[in-house]
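Trainee: Okay, here's the structure, questions in a sec.
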Amino acid sequence: MHLMPQEITMLVKHAKTSFTSVIAAAAGMALLAAGAAHADTKTLYIGMNGGNMERTYTQFVFPPFEKANNVKVVVVPGTSTDILAKAQATKGKAQMHVMTLDDGVMFRAIGMGLCEKLKPSANLAAVPAIAHLKGDYAVGLSMGLTGLAYSTKIFADKGWTPPTSWGDLADPKYKGKVVVQSMPASSFGLDAFLMFNRLKGGTEKNVDPAFKAWPTTIGPNVVEYIPNSSKVVEMMQAGDAALFPYTLTQVELMKSKGIPMEFVAPKEGAVVLLTAQCVLANNPDAELAQKLADYLISPEAQALAMENGSYNPVNPKAPLKGKAAEEQNKMNTILKTAVALDWDVINAERPEWSKRWNRIVER
């Protein structure tokens with residue numbers, strides 16, 4: 001989920017006054033966690049999402065690196081927008097060492113000069129080209145895909161066949177049964193909008209076709225535009241949502257909890273959705289920060305993140321077994337026809353798109 005540049009600017013003001021206290025609090029927690037650790041143990045700070053991501057990396061992924069390098073890795077939690085604002089607030093004298101951001105936000109961070117180029121390594125070379133950002137100023141950490149998800153229960157009850165195309169969002173039979181995340185506020189809604197735009201002959205540089213067609217095609221089918229994905233499953237279980245843009249990872253997670261849904265990669269291509277990482281420019285321990293970033297894309301670390309948190313690897317050499325291996329094989333198959341969006345254009349145009357969306361689509 002991405003906010004607008006002007007909203008990020010507002011967050012930077014707050015970040016400048018609060019970031020020192022955040023780091024101080026994090027350092028305090030690190031000290032407690034370190035216990036009787038040797039006095040010369042170093043601390044690295046990494047900005048990343050809280051919740052499942054923080055838990056997975058802190059409990060399972062970081063420990064081998066910490067042990068091997070006599071270092072404590074401390075998470076500075078927040079959304080991509082929060083982390084970017086904190087990095088901006090300390091530009092030129094970074095207080096975090098590494099940060100993880102959604103791909104669209106990471107492109108902004110690179111453009112702002114907040115990242116230093118990653119050092120070449122065997123791990124970096126193993127990552128496919130689609131996950132390298134801007135000449136290796138950042139690289140994917142985990143791989144996601146946005147496609148279409150549907151309620152298998154509702155589809156079975158209605159006798160509907162599974163969707164096959166982004167254009168199916170406009171099929172009249174789904175009237176009142178489609179849920180879309182608001183395009184200005186989310187990645188999933190934006191991905192659906194831009195893929196529908198391509199179907200109508202547009203490109204990221206020309207979104208007029210989608211804005212012209214959406215209100216009379218997909219629009220009538222949408223029961224609600226929601227601000228984030230947390231409401232999707234709730235609406236599906238209540239029978240209000242049959243079809244919606246969603247990710248393969250989230251669908252597999254929901255299915256593991258017994259929720260009746262399935263993922264479809266549309267024939268035009270699912271959209272690549274990366275969580276990316278970069279080393280902060282001018283950080284206090286660049287060499288060790290580079291070492292951490294390289295470790296996080298190693299086969300070992302990638303497997304730990306997948307097996308303990310369902311974070312799909314970008315490194316194809318990750319040794320996966322059982323269900324994790326099955327899920328990754330499915331991901332790899334879909335990736336062969338996946339689409340990468342032009343984030344330089346998107347980030348430049350998105351504020352204007354948001355105004356048009358609010359005026360034309362969600363009026």
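Trainee: Name the single residue, out of those in the range 46-78 being of a type in the set (Gly, Ala, Ser) and surrounded by 19 or more Cβ atoms within 10 Å (Cβ to Cβ), that is modelled with the lowest pLDDT. Working first, answer last.
Mentor: Here is the first cut: in the range 46-78, the ones of a type in the set (Gly, Ala, Ser) are 47, 50-51, 68, 78.
Among the residues that remain, those that are also surrounded by 19 or more Cβ atoms within 10 Å (Cβ to Cβ) are: 47, 78.
Numbers: Gly47: 97, Gly78: 90.
Among those residues, the one meeting the criterion is Gly78.
Trainee: Does Asp136 satisfy the criteria of being under 25 Å from Val339 (Cα atoms), surrounded by fewer than 22 Cβ atoms within 10 Å (Cβ to Cβ) and of a type in the set (Asp, Glu)?
Mentor: yes
Trainee: Identify all residues within the range 150-170 that are of a type in the set (S, T, N, Q) and touching a strand residue (DSSP E or B) at 6+ places or on another chain (Cβ under 8 Å); write none if there are none.
Mentor: Our first condition is that a residue be of a type in the set (S, T, N, Q); within the range 150-170, this holds for 151-152, 161, 164-165.
Within the range 150-170, Ser151, Thr152, Thr164 meet the criteria.
Trainee: Also, quick follow-up: Looking at the range 260-274, is at least one residue over 20 Å from the mean Cα position of the chain (by Cα) and open to solvent by less than 10 Å² (accessible area, probe 1.4 Å)?
Mentor: Looking through the range 260-274, at least one residue is over 20 Å from the mean Cα position of the chain (by Cα) and open to solvent by less than 10 Å² (accessible area, probe 1.4 Å).
Trainee: Taking the stated definitions as given, is Lys317 basic (Lys, Arg) and out of contact with any helix residue (DSSP H, G or I) (no Cβ under 6 Å at 6 or more places or on another chain)?
Mentor: Numbers: basic (Lys, Arg): yes; out of contact with any helix residue (DSSP H, G or I) (no Cβ under 6 Å at 6 or more places or on another chain): no.
Against the criterion (basic (Lys, Arg) and out of contact with any helix residue (DSSP H, G or I) (no Cβ under 6 Å at 6 or more places or on another chain)), Lys317 does not qualify.
Trainee: Exactly one condition in (1) crowded, with 23+ Cβ neighbours inside 10 Å; (2) modelled with pLDDT of 95 or more; (3) within 27 Å of Ile110 (Cβ to Cβ) is false for Glu204; which is it?
Mentor: For Glu204, the exception is condition (1).
Trainee: Determine whether Glu327 is open to solvent by 20 Å² or more (accessible area, probe 1.4 Å), in contact (Cβ under 8 Å) with a residue 24 or more places away in the chain and of a type in the set (D, E, K, R). Reasoning before the result, please.
Mentor: Numbers: open to solvent by 20 Å² or more (accessible area, probe 1.4 Å): yes; in contact (Cβ under 8 Å) with a residue 24 or more places away in the chain: yes; of a type in the set (D, E, K, R): yes.
In short, yes.
Trainee: Does the range 81-102 hold any residues that are open to solvent by less than 10 Å² (accessible area, probe 1.4 Å) and assigned to a helix (DSSP H, G or I), and which are they?
Mentor: Scanning the range 81-102 gives Thr81, Ile83, Leu84, Ala85, Ala87.
Trainee: With the checklist (1) of a type outside the set (S, T, N, Q); (2) under 21 Å from Met106 (Cα atoms); (3) part of a helix (DSSP H, G or I); (4) open to solvent by less than 50 Å² (accessible area, probe 1.4 Å) in hand, flag the one item Lys291 doesn't pass.
Mentor: Here Lys291 clears every test but (4).
Trainee: Which residues, counting only those in the range 117-130, are touching a residue at least 40 places away in the same chain (Cβ under 8 Å) and either surrounded by fewer than 21 Cβ atoms within 10 Å (Cβ to Cβ) or within 20 Å of Val339 (Cβ to Cβ) (or both)? Step through it out loud before you land on a result.
Mentor: First pass over the range 117-130, keeping only residues touching a residue at least 40 places away in the same chain (Cβ under 8 Å): 118-119, 121, 123-124, 126-128, 130.
Selection gives Lys119, Ser121, Leu124, Ala126, Val127, Pro128, Ile130.
Trainee: Restricting to the range 167-197, what's the tally of residues that are in contact (Cβ under 8 Å) with a residue 24 or more places away in the chain, part of a helix (DSSP H, G or I), open to solvent by 10 Å² or more (accessible area, probe 1.4 Å) and farther than 17 Å from Val271 by Cβ?
Mentor: Final tally of qualifying residues: 2.
Trainee: Has the range 220-236 got at least one residue that is modelled with pLDDT of 95 or more, touching a helix residue (DSSP H, G or I) at 6+ places or on another chain (Cβ under 6 Å) and either open to solvent by 50 Å² or more (accessible area, probe 1.4 Å) or among the aliphatic types (A, V, I, L, M) (or both)?
Mentor: There is no residue in the range 220-236 that is modelled with pLDDT of 95 or more, touching a helix residue (DSSP H, G or I) at 6+ places or on another chain (Cβ under 6 Å) and either open to solvent by 50 Å² or more (accessible area, probe 1.4 Å) or among the aliphatic types (A, V, I, L, M) (or both).
Trainee: Answer yes or no: is there a residue in the range 346-363 that is more than 30 Å from Pro215 (Cβ to Cβ), touching a residue at least 12 places away in the same chain (Cβ under 8 Å) and open to solvent by 20 Å² or more (accessible area, probe 1.4 Å).
Mentor: No, the range 346-363 contains no residue that is more than 30 Å from Pro215 (Cβ to Cβ), touching a residue at least 12 places away in the same chain (Cβ under 8 Å) and open to solvent by 20 Å² or more (accessible area, probe 1.4 Å).
Trainee: What tally of residues in the range 335-345 results from selecting those that are surrounded by fewer than 18 Cβ atoms within 10 Å (Cβ to Cβ) and within 24 Å of Met183 (Cβ to Cβ)?
Mentor: Going through the range 335-345 one residue at a time, the tally reaches 6.
Trainee: Determine whether Ala303 is more than 27 Å from Pro220 (Cα to Cα), assigned to a helix (DSSP H, G or I), open to solvent by less than 60 Å² (accessible area, probe 1.4 Å) and in contact with a Pro (Cβ under 8 Å, 6 or more places away or on another chain). Steps first, please.
Mentor: Values: more than 27 Å from Pro220 (Cα to Cα): yes; assigned to a helix (DSSP H, G or I): yes; open to solvent by less than 60 Å² (accessible area, probe 1.4 Å): yes; in contact with a Pro (Cβ under 8 Å, 6 or more places away or on another chain): yes.
Yes: the conditions hold for Ala303.
Trainee: May I ask you to list the residues in the range 198-213 that are in contact with a Phe, Trp or Tyr (Cβ under 7 Å, 6 or more places away or on another chain) and under 17 Å from Lys267 (Cβ atoms)? Spell out how you get there, then give the answer.
Mentor: Within the range 198-213, the first condition is being in contact with a Phe, Trp or Tyr (Cβ under 7 Å, 6 or more places away or on another chain), and the residues that meet it are 199, 207, 210.
Scanning the range 198-213 gives a single hit, Leu199.
Trainee: Against the conditions (1) on the phi > 0 side of the Ramachandran plot; (2) in contact (Cβ under 8 Å) with a residue 12 or more places away in the chain; (3) open to solvent by 20 Å² or more (accessible area, probe 1.4 Å), where does Gly322 fall short? Just the number, please.
Mentor: Answer for Gly322: the failing condition is (2).
Trainee: At pLDDT 50 or above, more than 29 Å from Gly144 (Cα to Cα), hydroxyl-bearing (Ser, Thr, Tyr) and surrounded by 14 or more Cβ atoms within 10 Å (Cβ to Cβ): is that true of Thr43 in this structure? Working first, answer last.
Mentor: Working: at pLDDT 50 or above: yes; more than 29 Å from Gly144 (Cα to Cα): yes; hydroxyl-bearing (Ser, Thr, Tyr): yes; surrounded by 14 or more Cβ atoms within 10 Å (Cβ to Cβ): yes.
Criteria met by Thr43.
Trainee: What's the number of the condition Thr164 fails, among (1) open to solvent by 10 Å² or more (accessible area, probe 1.4 Å); (2) of a type in the set (S, T, N, Q); (3) over 21 Å from Gly269 (Cα atoms)?
Mentor: (3)
The values are calculated or read from the model by the stated rules, or taken from the named source; none is laboratory data. Bear in mind the structure is a predicted one, so any value in this text is a computation, not a measurement. Don't worry about glycine lacking a Cβ; one is built from the backbone with ideal geometry, like all the others, and counts go over all protein chains shown. Quick note on the areas: whole protein, heavy atoms, side chains included, nothing else; ligands and nucleic acids left out. Shrake-Rupley method; radii C 1.70, N 1.55, O 1.52, S 1.80 Å.
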